[in-house]
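Just below is one structure, and these are the notes that go with it.
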Amino acid sequence: MSNSTRSKLIRPSRRQFLHGTAALAAGTLAAPSIGRAQSKELYVNSWGGPWLEAATASLFDPFTAATGIKVNTVSPVSFAKLAAQVRTGVYEFDVTTLGGGDIIAANNAGLLEDIDSPYDGGLFQNGVASHAFSTVIAWRTDKYEEAPQNWADFWDVERFPGGRSLQRYAARVLPLALLADGVAMEDLYPLDIERAFAKLDEIKPHIRVWWTAGAQSTQILRDGEIDMIGIWHGRYFEAEDAGAPVAMTWNQSEVDRAYWVVAKNTPNMDAAKEFVKFATSPEPLAGFATLGNYGALNPAALEFVPDEAKPRMPTSPDNYANAFEQDMANWGGDPQEVALRFDEWLAT
Amino acid sequence: MMRRMTRLVDHQTIWPWLLLLPLAVYLLVFFAVPLIEVLKMSVTEPKPGLGNYQKVFTGALYGKVFLNTFGTATLVTVCCLIVGYPLAYLMSNTTPRRAMMILLLITMSFWTSFLVRTYAWMVLLGNNGPIIWLIEMIGIADPPGLLFTRFSSTLAMVHILAPYMIMNIYSVMKKIDPVLIRSAESMGARGGSLFRHIYLPLTAPGIANGAVLVFVICLGFYVTPVLLGSPREQMVAGLIGNQIEQFLAFGLGSAMAVVLLVITLIVLGIYHSRFGLDKLWG
């Protein structure tokens, strides 16, 4: 085997299945948690980057101060590891966040601990709704004088010639293709899967990178490897704040919800549940959302969010008016099956 | 192997084998056991049976990716040979000092981590990188993107794997008795004929060693194609990662890993029957 080292750019969890050395390292990292009893420590799966900064300041440190429970982070976010640790009984993390697509699959697979929501309407598939993030259209201002307005423009390589990038994630990409094909935001769900793939065929030759990790999407936009990208809003602002000649639009932005979940049967159950409760309570969540430019989903948190933070939040009224929400419950097919088909489509 | 083992036990003390015990235990725990686990998963997940293997052999995607993996490994091996052979020849026919210098340059790149080299190619081949800049300087407006293509991933893999080829061929070339060449010349062999009948057959073991090593290592490549390659040219390792990471298809991923392993063993087996595996490491 080769290529035994990787960066955060691509989620290293894969290498641990593939590469002896890395698996070994992971094994030693994981080892202490085998015998971990109900200690005063909690392991949280971290997205890194701007997410981690916001979470450390607003969630982890205050939680430790309030409860005395130390918070450790484990990177990167890995859906597979969540499954693997329930399967093996070796826990690397106790809590993690999942998006709307993954949480249904995770809950169906019995990977999530039953949980109560600390606030009304927060519970979905054994996850507690925490914050909203968006997939938005962003582009290089040194490439285009005219600003693209919507996904139809993203698909329009005549008016906007240049390399494109989208996330390698079927559940998020298919709705965008339908919008590009002229479907109205309110008529999207359930998705017309066939029509979406037909529309994707058109853009496929122009997609230079199907990005798989947040940091990677920032990098290719910042370095001008591509000219237009569908990117998470937080990762876009990272590129903008780094001084790259880039711009974005909230128009037709795709809002996803992130949920806190507790890994099934984790030995740190009590601390884990306590943390989820804390992280979705008004003040900590408001701080996290403010620092990370996320949209807080506990309505009670909104009063703690300062006005100046709102222009960068996907759920603030001005931005949300032009957005649509992923509707995983009414998605239009089995997301896992469609994801498999998407993978096959990519390789042909 | 067995023959050698009995001979060693017979003629030497038991001590060398005791010294190997920690290694054996280590291999058993960290290699054999997980491997058996993978084998088991491939026939038990999600339900017992050979369904996963059936999928690997009949699914259009998997066949395509396996073929692509072989195509890429072959291409990389051939490129390594084209680059490596002349370089090894140069090294074995120059002053020892110059040979040392070349060797040093090759090993320096060899010791640099995979990831650093892969990122270095990203910088070099990027839209704002020096190569695109050079292409533009010589007057080609709007040059094609070099990054995220089959070209960029092949180039980087050849760069990473060429040292294996060069070292193997060089070590064989160094051992060629110059007298053989001179006598061939005295018999009237010249240029192409000398190369075809004398030099090439003498270096063939080095080529075979280098080619097998490069090919087998390349089959399992992961990072470089994922970071530098085009999404259309996936390799098996990347696909296995995807099965597990995205679809939690541990069974299918394991089955693909087993198939890849068996194919690799077959390649090594063919090599073994022709040359003997013990020669692979010089």
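Here chain B is treated with +1 on each Lys and Arg Cβ and -1 on each Asp and Glu Cβ, and its dipole about the Cα centre works out to around 720 debye.
With a 1.4 Å probe and all protein chains kept in place, how do A:Val77, B:Val38 rank by accessible area, largest first?
On the way: A:Val77 10, B:Val38 40 Å².
Per-residue accessible area, sorted high to low, gives B:Val38, A:Val77.
A 1.4 Å probe run over the protein chains yields, for the range B:51-279, 47 Å² of accessible area per residue, whole-number rounding.
All other residues with a Cβ under 11 Å from the Cβ of A:Pro118 taken together, and with Lys, Arg as +1 and Asp, Glu as -1, what is their net charge?
Numbers: positive: A:Lys273, A:Lys277; negative: A:Asp116, A:Asp120, A:Glu274.
It works out to a net charge of -1.
Taking the charge dipole of the protein assembly as shown about its Cα centre, with +1 at Lys and Arg Cβ atoms and -1 at Asp and Glu Cβ atoms, the residue from A:Val157, B:Ala73, B:Pro205 reaching farthest to the positive side is B:Pro205. When A and B come together, around 3800 square angstrom of accessible surface is lost from both chains combined, probe 1.4 Å.
Pairs on different chains or at least eight residues apart, Cα atoms closer than 30 Å: how many lysine pairs in chain B fit? Lysine pair count for chain B: 7.
Probe radius 1.4 Å, ligands and nucleic acids ignored: give me the carbon and sulfur share of the accessible area of the protein assembly as shown as a rounded percent. Present the calculation step by step, with values, prior to reporting the outcome.
Numbers: 18040 of 28840 Å².
Summing carbon and sulfur atoms, their accessible area is 63 percent of the total for the protein assembly as shown.
Charge tally around B:Leu105: other residues with Cβ under 15 Å, Lys/Arg +1 each, Asp/Glu -1 each, net +3. Annotation for the range A:56-70 versus the range A:102-146: alpha-carbon center distance of 23 Å.
Modelled this way, with points 7 Å down the Cα-to-C-beta line, the labels at B:Arg97 and B:Val25 are 5.3 nm from one another. When the accessible area of each residue in the range B:205-234 is compared between its chain alone and the complete protein assembly (1.4 Å probe; ligands, DNA and RNA ignored), which residues differ by at least 50 Å², being lower in the assembly? Those are B:Tyr222, B:Val223, B:Pro231, B:Arg232, which lose 50 Å² or more relative to the chain on its own. Take the range A:254-348 with all the other protein chains still there, run a 1.4 Å probe, and you get 41 Å² of accessible area per residue. In this label model, B:Leu134 and B:Trp111 are separated by 2.6 nm, measuring between points 7 Å along each Cα→Cβ vector.
Springs between Cα atoms under 10 Å define the GNM used for chain A, and in it the highest mean-square fluctuation of A:Arg257, A:Arg208, A:Arg222 occurs at A:Arg208. Each residue of the range A:183-200 is assigned a 3J(HN,Hα), and the resulting list reads 6, 6, 4, 6, 9, 5, 9, x, 5, 8, 4, 4, 4, 4, 5, 4, 6, 5 Hz, derived from the Karplus form 6.51 cos²θ - 1.76 cosθ + 1.60 (θ = phi - 60°), x at Gly and Pro. Counting charges near A:Gly243 (Lys, Arg +1; Asp, Glu -1) among other residues having Cβ under 15 Å from its Cβ returns a value of -3.
Pairs of Lys residues in chain A, spaced 8 or more positions apart or belonging to different chains, with C-alpha separations under 14 angstrom: 4 in total.
Couplings 3J(HN,Hα) of the range B:160-170, computed from phi: 6, 9, 3, x, 4, 5, 4, 4, 5, 5, 4 Hz, in residue order, whole Hz [Karplus 6.51 cos²θ - 1.76 cosθ + 1.60, θ = phi - 60°; x for Gly and Pro]. Okay, which of the range A:217-235 sit inside 15 Å, backbone N to the point 7 Å along the Cα-Cβ direction of A:Ala247? The answer is A:228-229, whose backbone nitrogens lie closer than 15 Å to the label point. With R₀ fixed at 60 Å, the C-beta to C-beta distance from B:His272 to A:Glu146 puts the FRET efficiency at about 0.40. Residues of the range B:238-260 whose accessible area (probe 1.4 Å, heavy atoms of protein chains only) drops by at least 40 Å² once all protein chains are present, relative to their chain alone: B:Asn242, B:Ile244, B:Glu245, B:Gln246, B:Phe247, B:Leu248, B:Phe250. Taking each DSSP H run with n ≥ 4 as -39500 (n - 2.57) and averaging over every residue of chain A yields -11500 deg cm²/dmol at 222 nm. What is the distance in Å between the Cα centroid of the range B:235-282 and that of the range B:101-130? The two parts, judged by their Cα centres, are 27 Å apart.
The values are calculated or read from the model by the stated rules, or taken from the named source; none is laboratory data. None of these values were measured; they are calculated from a predicted model. All Cβ positions, glycine included, derive from the backbone under ideal geometry; neighbour counts span all protein chains shown. Side chains included, ligands, DNA and RNA excluded: accessible areas come from the protein's heavy atoms. Shrake-Rupley method; radii C 1.70, N 1.55, O 1.52, S 1.80 Å.
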